[in-house]
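Notes follow the structure.
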Amino acid sequence: MRRTRNTAARSAGGAQASPGRTRWWLFAALVSLPALVLLPFLVAFVSIVLSDSEYPLGGGPEQVPCPEALSFGGAALPAGAAPVGECTRQGWQDVHYGAVFRMPGAQVRGWLAHTYPDAPEPETEFCADDAADLCLGLGYAQGLPDAVDADAVQVSVVYEKGGTALVRFSAFTV
């Protein structure tokens, strides 16, 4: 009887795979598994890089009512004040509300003292906004009331001709 090589190898006690039975599926699974895990990150990275939006992850500014923006920082629109432009909310991880309004210049300090009674005296020389005549920066350690949603509030005031003041108000989380 004629013996083939496979028969001879089996009879010698060795187990040999038959031709054409390579385990490609195992190789394909080992290669494709990391690719499938990394694919969502790659898609997100490419979409951020190719995005023409200033805020590719979302959180761009949106228009909100001014009372909402001010109340986030524990304030209310003062009597005789008029909003300038739209009040905004912006956020992705942190939330930032902004409002700009005009009010009688003589009432600014009284409004600040009434709104934030535990706040320090407003600054007149060392303001972050170089154009500001008066500024106030608040946090929980600097006079911000406990019931306020914001972690910090910044108020910047520019006194204008005609007795008005342009007030820039921002309240945000950190």
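Consider the range 141-174 and keep the residues that are in a loop (DSSP other than H, G, I, E, B) and in contact with a strand residue (DSSP E or B) (Cβ under 7 Å, 6 or more places away or on another chain). The one that is modelled with the lowest pLDDT is Val174.
Does Ala152 satisfy being touching a residue at least 24 places away in the same chain (Cβ under 8 Å) and open to solvent by less than 30 Å² (accessible area, probe 1.4 Å)?
Working: touching a residue at least 24 places away in the same chain (Cβ under 8 Å): no; open to solvent by less than 30 Å² (accessible area, probe 1.4 Å): yes.
Spelling it out, it is not the case that Ala152 is touching a residue at least 24 places away in the same chain (Cβ under 8 Å) and open to solvent by less than 30 Å² (accessible area, probe 1.4 Å).
Restricting the range 155-174 to residues that are within 19 Å of Ala76 (Cβ to Cβ) and more than 20 Å from the chain's Cα centre (by Cα), the residue that is most open to solvent (accessible area, probe 1.4 Å) is Arg168. If you scan the range 81-96, which residues turn out to be without any contact (Cβ under 8 Å) to a residue 40 or more places away in the chain, in a loop (DSSP other than H, G, I, E, B) and open to solvent by 60 Å² or more (accessible area, probe 1.4 Å)? Glu86, Trp92, Gln93, listed by residue number.
The number of residues in the range 129-142 being open to solvent by 10 Å² or more (accessible area, probe 1.4 Å), under 25 Å from the mean Cα position of the chain (by Cα) and not hydrophobic (A, V, I, L, M, F, W, C) comes to 4.
For Arg102, state whether it is part of a helix (DSSP H, G or I), open to solvent by 90 Å² or more (accessible area, probe 1.4 Å) and among the charged types (D, E, K, R). Give the derivation first.
On the way: part of a helix (DSSP H, G or I): no; open to solvent by 90 Å² or more (accessible area, probe 1.4 Å): yes; among the charged types (D, E, K, R): yes.
Taking the combined requirement at face value, the residue does not satisfy it.
Could you tell me whether any residue of the range 113-128 is in a loop (DSSP other than H, G, I, E, B), open to solvent by 70 Å² or more (accessible area, probe 1.4 Å), modelled with pLDDT of 75 or more and among the β-branched types (Val, Ile, Thr)? Yes; the residues of the range 113-128 include at least one that is in a loop (DSSP other than H, G, I, E, B), open to solvent by 70 Å² or more (accessible area, probe 1.4 Å), modelled with pLDDT of 75 or more and among the β-branched types (Val, Ile, Thr).
The values are calculated or read from the model by the stated rules, or taken from the named source; none is laboratory data. All values reported here derive from a predicted model rather than from experimental measurement. Neighbour counts are summed over all protein chains in view; Cβ atoms, including those assigned to glycine, are modelled from backbone coordinates with ideal geometry. Accessible surface is based on the protein model in full, side chains and every heavy atom, while ligands, DNA and RNA are left aside. Shrake-Rupley method; radii C 1.70, N 1.55, O 1.52, S 1.80 Å.
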